[in-house]
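To keep things clear, I will list the structure first and then write my remarks on it.
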Amino acid sequence: MKIGMNMFLWTTHVGRDHEALLRDIKATGFDGVEIPVFEGDVAHYRELALLLDDIGLERTAVAAMGDASMNLIGDAAARARGLDCMRATLDRSHALGATLICGPLHSTLGHFSGQGPTAEEFANSVVAQRQIGDHAASLGITVALEALNRFECYLLNTMDGLASHLAEIAHPNIRAMYDTFHANIEETDPIGALRRNADSVAHIHISENDRGVPGRGNIPWQKTYATIAEIGYDGWLTIESFGRGLPDLAAATKVWRDFAESPEAVYREGYAHISRSLGAD
């Protein structure tokens with residue numbers, strides 16, 4: 001397995017000005033970083049890829065869609081704009097050298113209809129995700145869709161629901177991500193949800209119940225790592241945590257207080273937590 005660090009803790013746009021931080025993440029022991037892909041042209045991500053190569057960091061990509069006018073489960077015009085956005089996001093991810101992108105890339109983050117998902121919205125999603133999957137396949141990228149808690153989206157909240165939807169999409173480049181934070185909220189049995197849906201999982205986020213330092217909270221880490229080993233998962237274990245430094249991201253993720261004494265505590269102690277846990281298995 002590989003250990004990664006999601007850059008959302010600091011920024012939604014990684015560049016040369018983050019070189020010192022990236023080098024310290026590498027020095028800590030991480031295999032790679034998870035790069036937000038929201039803005040910037042393809043040339044920017046090609047340049048960033050060169051920097052990451054020089055440092056010796058592999059990379060995955062992460063994104064979300066916060067604009068309801070580009071909702072992939074909305075009306076025809078919104079879906080068309082959403083598909084254009086996703087194609088551009090995948091092109092940037094390819095320039096970055098990422099072969100996997102994750103996130104709630106199925107519907108608009110933080111947008112609610114006032115009711116649960118409809119059959120029409122699920123049908124719209126199937127069509128959109130198959131088109132996204134085709135573009136991803138042409139670039140050699142896997143899209144790992146994320147089931148979010150009910151306070152952040154309404155289309156997909158549980159791993160069972162996500163896996164069922166993936167079976168309907170039936171595209172090899174559209175897979176699932178398991179996130180310990182969201183599972184802790186939505187699953188009656190987070191470990192069982194991972195075990196039952198292991199065949200769908202292409203990516204895992206390691207995130208404490210309060211989004212702070214992994215290992216300090218109440219996620220059942222020993223059982224989680226034992227199950228990861230049991231299902232034969234051999235992909236990324238990527239720490240995801242959030243801070244208050246970016247107002248828009250803090251608002252989207254409902255971060256109103258600091259969850260750790262410093263970002264360094266999150267990634268350094270978090271890395272030690274994962275390494276120690278994997279060693280114990």
Calculated FRET value between Gln131 and Arg46, using beta carbons and R₀ = 30 Å, to 0.05: 0.75
Mean ellipticity per residue at 222 nm, deg cm²/dmol - from DSSP H runs of n ≥ 4 across the chain, formula -39500 (n - 2.57): -14000 deg cm²/dmol
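Contour minus end-to-end for Ser164 and Thr99, with contour as 0.36 nm per residue of separation and end-to-end as the Cα-Cα distance? Don't jump to the answer; show the numbers that get you there.
Details: separation 65, 0.36 × 65 = 23.40 nm, distance 2.38 nm.
Taking Ser164 through Thr99 to full extension adds about 21.0 nm, to one decimal.
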Contour excess over end-to-end distance, with Cα ends at Asp210 and Ser138 and 0.36 nm allotted per residue: 22.2 nm
Full-stretch length increase - Ala265, Glu58 - with 0.36 nm per residue and alpha-carbon distance subtracted: 72.3 nm
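Between Asn218 and Ala20, what FRET efficiency follows from the Cβ-Cβ distance if R0 is 41 Å, with the result rounded to 0.05? Walk me through the numbers before you get to the answer.
On the way: r = 34 Å, r/R0 = 0.82.
The calculated FRET efficiency here is 0.75.
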Share of pairwise Cα separations in the chain, more than 26 Å, in percent: 38
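Any read-out appearing in this document is the output of simple, stated calculations on the displayed coordinates, not a laboratory observation. For clarity, every value in this text was computed on a predicted model and none was experimentally measured. In this analysis, Cβ positions are derived from the backbone assuming ideal geometry, glycine residues included, and neighbour counts consider all displayed protein chains.
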